[in-house]
1. Between copies, how close do the A:LYS191 label points come, placed 7 Å along Cα→Cβ, listed in nm from shortest?
2. Peptide A:197-209: average number of partner chain Cβ atoms within 10 Å per residue?
3. For B:ALA156 and B:LYS190, what does the FRET efficiency come to when R0 = 35 Å and r is the distance between their Cβ atoms, rounded to the nearest 0.05?
4. When a footprinting reagent is the concern and you count Cβ atoms within 10 Å, what order do A:PHE174, A:PHE205 take, fewest first?
5. Which value, in debye to the nearest 20, describes the size of the charge dipole of segment B:70-218 about its Cα centre when Lys and Arg Cβ atoms bear +1, Asp and Glu Cβ atoms bear -1, and nothing else is charged?
6. Please give the per residue volume of the convex hull enclosing the alpha carbon atoms of segment A:70-218, rounded to a whole number of Å³.
7. Would you mind checking which residues have amide H under 5 Å from A:VAL160's amide H? H placed 1.01 Å from N; only 5 or more apart, or other chain.
8. Can you give me the relative contact order of segment C:74-218 as a percent, contacts being Cα pairs under 8 Å and 6 or more apart?
Number of protein chains: 4
Amino acid sequence: MPSGSHVRPAREKMRKPRGRSTEKRQRIINAAVKVFAEKGFYNAKVSEIARESGVANGTIYLYFANKDDILISLFEQEMKRIIGRMKAEIELEPDPLRQIEKFALMHLSLIEEHKELAEVLQVELRQSSKFMKEYRNRKFAEYVNLISAIIRHGQAVGVVRADIMPGIAKRAFFGALDEMSRFWVLTRRKKYSIQTAARQIAEFFVHGIASLPPGQVAAPPR
Amino acid sequence: MPSGSHVRPAREKMRKPRGRSTEKRQRIINAAVKVFAEKGFYNAKVSEIARESGVANGTIYLYFANKDDILISLFEQEMKRIIGRMKAEIELEPDPLRQIEKFALMHLSLIEEHKELAEVLQVELRQSSKFMKEYRNRKFAEYVNLISAIIRHGQAVGVVRADIMPGIAKRAFFGALDEMSRFWVLTRRKKYSIQTAARQIAEFFVHGIASLPPGQVAAPPR
Amino acid sequence: MPSGSHVRPAREKMRKPRGRSTEKRQRIINAAVKVFAEKGFYNAKVSEIARESGVANGTIYLYFANKDDILISLFEQEMKRIIGRMKAEIELEPDPLRQIEKFALMHLSLIEEHKELAEVLQVELRQSSKFMKEYRNRKFAEYVNLISAIIRHGQAVGVVRADIMPGIAKRAFFGALDEMSRFWVLTRRKKYSIQTAARQIAEFFVHGIASLPPGQVAAPPR
Amino acid sequence: MPSGSHVRPAREKMRKPRGRSTEKRQRIINAAVKVFAEKGFYNAKVSEIARESGVANGTIYLYFANKDDILISLFEQEMKRIIGRMKAEIELEPDPLRQIEKFALMHLSLIEEHKELAEVLQVELRQSSKFMKEYRNRKFAEYVNLISAIIRHGQAVGVVRADIMPGIAKRAFFGALDEMSRFWVLTRRKKYSIQTAARQIAEFFVHGIASLPPGQVAAPPR
DNA sequence: GATGAATGAGTCTTCATTCAT
DNA sequence: GATGAATGAAGACTCATTCAT
């Protein structure tokens, strides 16, 4: 796991607080996002998160089992929120190919709106700890599978080519968006808007997987 | 991050060895790839790299200024090698759209052949040090720009749509491959070959950017 | 030097503890005096100071920025105390020539009473760091200037020859005492008491600078 | 002893070189004086002395048993030279009180002429290692005893008061000169010449110990 | 629940010294 | 004799975590 020690600290040790303490817990998570984004997980000090959230060092350990747990909890909570929003938005749109575009727009918008969180999700979670990697996979899978669900649905209704492998396509599409996000997070000046980027990426992809000739899909009457 | 400050570590301190020492330097780099891949940069101990490469702890510091420098040097050296190979391969193929496919195949093959190195390049270099991030960008840019060069060439000869923005397209394509690589590196059992993955991804992408109707390009007479 | 660079170590890093912690800080200083005296600054280990003061290694860094800072703080604090005592004692004695004798007696008595501290002040602070040297000068200056103040006063009231240069005389006198201290600290068996030494040195010096024939001053009716 | 290790390396290991190698040995000593003066003994690196003297690291160990031995040898050799010169000069002057003045002038002149050496002798040799301290004492004793010899001679011929204790007086005088030297070595701008300083110090001292009324001695017909 | 002073395990790096050439 | 690449012991310092208050 990330933190240097060799023994995974007992997770059960952590008391599960409730009530108004939830607010303090959130303050710590927010601070952690900020500090992790700025310094990176390994160079972030727990004491800095404490200072940033206005609590004492020890208090953090009332809400989280250890430093790793802060990252994991943060990830879990924010991903749940994101997945929820994404699902809701997508369901509003019946056309699978339009859903793809929606996904791209939403994804990049979320990045744009929550730069620090994006940076943490992008960068810090890609650490090598086997534990982290596997953990990330499970949670990310849920998110990325939103894409393959769309694709399968598209195949069912005939707008996506049957020979497309959803498992590959989902990764390709997510990867394209993800790389764009990274660029977006790390670069100051850009030559185009995030909407343009989202639309172009969606367009490539839709062209790439659609059953119909591209013209009919890629240039929607907008 | 690699090291706490934003200042480039004093590299001059390092004696520049030559002659047969190059072999020792390489042994250290190889060991570092292995150890970083297994433990992650932050959890890797210099002493472990030393043991793995069969030299004394101190010897490492005859070849590298510090732990960071091992990672940076490793990155620099291996990327140079990869970029070189990639360029050479691509030049053998005149057709831009075929070059795209070639790129995908090569990229994933390299990943497959050098799993540990791939893991380090994939995961460890994405850590947060501002320095690292920028550094990575500069070097990665060179690699990713191989893609935009192909696209521009494709536009020049008319096989790629003129409205495609190469800056976006290169990232989308690289991101797709990169995400697939990550999956490839981190997952044990896969349902398809890396060639299949490469071909599908290239196909999506080529479909997405090509001027011609997909059929003529996406199903090459193979 | 204390530590390699010429830059003052980041002192802000250190939390400023108060309350009962002052007692712990003092314990560390006392332990440091003992350990530095025994081993010398460079051969003293921080962990030994920690053991000697009954705190954990890390605790030392709650009170001092680094090893250097222990020495500096120790010096600063103890010199302040010594200068205060010396000033107070001297003011009780109106006659400048008697003040000289008093100074000698006090100086050597302090050495005798605080051998370990004396050794640290004598020996360890004379190490070569430019920083240390300059630092030492500033603080020592205050102490040595007590002597030149006496001399100037003596010149003003006519008991010290006007052609005496206080800047030279103060150093000569201090140097004489200092060398005697060194001898005192380093040697086991001595042939005379420290009072005898102090009186003889004061006598030489008073003879050397007094306006009056030596007999009247050097053999006070004691 | 100074260097960190705990075991005194066997001194016999060192081959005693002769012939033209003496010149190389001297080059190393000269370089050591320079480097020790600049960095201090503990912060001086053997490799730097090697570089400065234009030999390989290992070569130093053909001439000296270890780092300590460089300092000791340097000290021994230079002190021998100084003591020799001092003796010769003093013997030219028959009057003991004039010898005192001569000593002061010579001492400070030597300091002035060999600043770096003086700094090493002044500062670096005052380190706490018991070994060093004792060593220094033996060698310094010889030097400082030149002073007590003069005093005893002066007492024998009646120009120095019989109640003066040579053991105290020698230290007082040496200490006075030594402190002045330190000041001289460490300070950039001075308000008086080293000759003035030497003469004043000698004058104080001669006044202080002489049997005759000061006027006759302190103002020699010069 | 909250605090923050205290803890001490853990690791990078330095550099005197060696020894194969 | 001379070299300088290699060694590896040693120690200052950090910081996640604990626990007495």
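FYI, it's all coordinate maths here, none of it is from the lab. Worth saying up front: this structure is predicted, and the values here are computed from it rather than measured. Positions of Cβ are backbone-derived with ideal geometry, glycine not excepted, and every protein chain shown enters the neighbour counts.
1. Once sorted, the set of distances for A:LYS191 reads 3.9, 7.1, 9.3 nm.
2. Counting other chains' Cβ atoms within 10 Å and averaging over A:197-209 gives 6.
3. Details: r = 37 Å, r/R0 = 1.06.
FRET efficiency, B:ALA156 to B:LYS190: 0.40.
4. Listing A:PHE174, A:PHE205 from fewest to most nearby Cβ atoms yields A:PHE174, A:PHE205.
5. The dipole of segment B:70-218 has a size of about 320 debye.
6. Enclosed volume per residue, from the Cα hull, is 106 Å³.
7. For A:VAL160, whose amide H was placed from the backbone, the distant partners under 5 Å are A:GLN155, A:SER211.
8. Relative contact order here is 33 percent.
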